[in-house]
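The values are calculated or read from the model by the stated rules, or taken from the named source; none is laboratory data. Keep in mind that this is a model prediction, so the values were computed, not measured. Cβ placement follows ideal geometry from the backbone for every residue including glycine, while neighbour counts extend to all protein chains displayed.
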């Protein structure tokens, strides 16, 4: 049976890296049919809507969605906020679990010294439909004297997030760290209470807790101590970028936005319009996002082949794009990975 994948290249470097992700997908020889859709700031400039309702209806029918990057800093709503159709997708498709795997593929990729390939290896699970982002639809008057955002934490949203975290930990090293700010914020104290309740359902998984400020410190001081980190929306947004910096930057950071029925897979980086079309963007985050997509579609062996191919290619220090201090172009690095997958 052929998988049906909706492809949303998006804006900026999105089309550049998606081309290499598709190349890797084809190299696995997993039967699939791809259909491309226009979504993002570029689509807004054409049609007046960055995520047309008809497009959203269409992509719901696919087995998975592969997304490049969306948004351009000079294309904004009248409020001054950037357009973020990727967040709209999370909310409308109820993609509550943001999986952000962090893995070091070469010692020289990290600003931290003394870590071997594979020694930094953890997963950040970010809640994506609530938290501080719940207030993002609010409006304010230009002459407002005060503006407030709201933090929303629900029992339903927390329980399903924590159960996902514990299930992921069972597939890894059976250790979950809750990151919150329960010493200050009532929402986070409530979040922690629910975590403790759900943890009792998984007695085989070890748990610990860290306040978000301390967690940022520990990620730099002792990243090997973490296996699965589970946290609120905004905290996860910030910590996942910090964590990407430990292993080479955003070009090395894949992601999966998943719910009970739908999944969107994309590099964690933005659209980087300043380098769009120059052929120098790092495609590895997108290629590894394809591996996550295959895992979710229960083609785990193909996903593992992609990860092993990335590992073999990046073991050679010559195989780097400019963000990692190398000279390879986006298509050159993508081709090396595709060849390694197929071999």
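For region 205-212, the count of residues that are within 28 Å of residue 108 (Cα to Cα) and either outside the structural domain of residue 166 (by TED's automatic domain parsing) or touching a residue at least 24 places away in the same chain (Cβ under 8 Å) (or both) is at least one. Here is a check on your reading of the model: is residue 126 on the phi < 0 side of the Ramachandran plot, in contact with a helix residue (DSSP H, G or I) (Cβ under 7 Å, 6 or more places away or on another chain) and crowded, with 22+ Cβ neighbours inside 10 Å? Yes. Would a scan of region 288-302 turn up a residue that is under 25 Å from residue 72 (Cβ atoms) and either surrounded by fewer than 20 Cβ atoms within 10 Å (Cβ to Cβ) or over 18 Å from the mean Cα position of the chain (by Cα) (or both)? No, because not a single residue in region 288-302 is under 25 Å from residue 72 (Cβ atoms) and either surrounded by fewer than 20 Cβ atoms within 10 Å (Cβ to Cβ) or over 18 Å from the mean Cα position of the chain (by Cα) (or both).
Per the listing 294, 333, 324, the residue uniquely out of contact with any strand residue (DSSP E or B) (no Cβ under 7 Å at 6 or more places or on another chain) and more than 19 Å from residue 22 (Cβ to Cβ) is 324. Exactly one residue among 71, 48, 80 is in contact with a helix residue (DSSP H, G or I) (Cβ under 6 Å, 6 or more places away or on another chain), at pLDDT below 95 and at positive phi, and that residue is 71.
Within region 56-70, residues that are assigned by TED's automatic domain parsing to the domain that holds residue 8 and farther than 13 Å from residue 87 by Cα reach partners that are at pLDDT below 95 and surrounded by 23 or more Cβ atoms within 10 Å (Cβ to Cβ) with beta carbons closer than 6 Å, at six or more positions or on different chains, in the pairs 68/10. Among the residues here, residue 232 qualifies as closer than 21 Å to residue 96 by Cβ, crowded, with 21+ Cβ neighbours inside 10 Å, modelled with pLDDT of 95 or more and touching a strand residue (DSSP E or B) at 6+ places or on another chain (Cβ under 6 Å).
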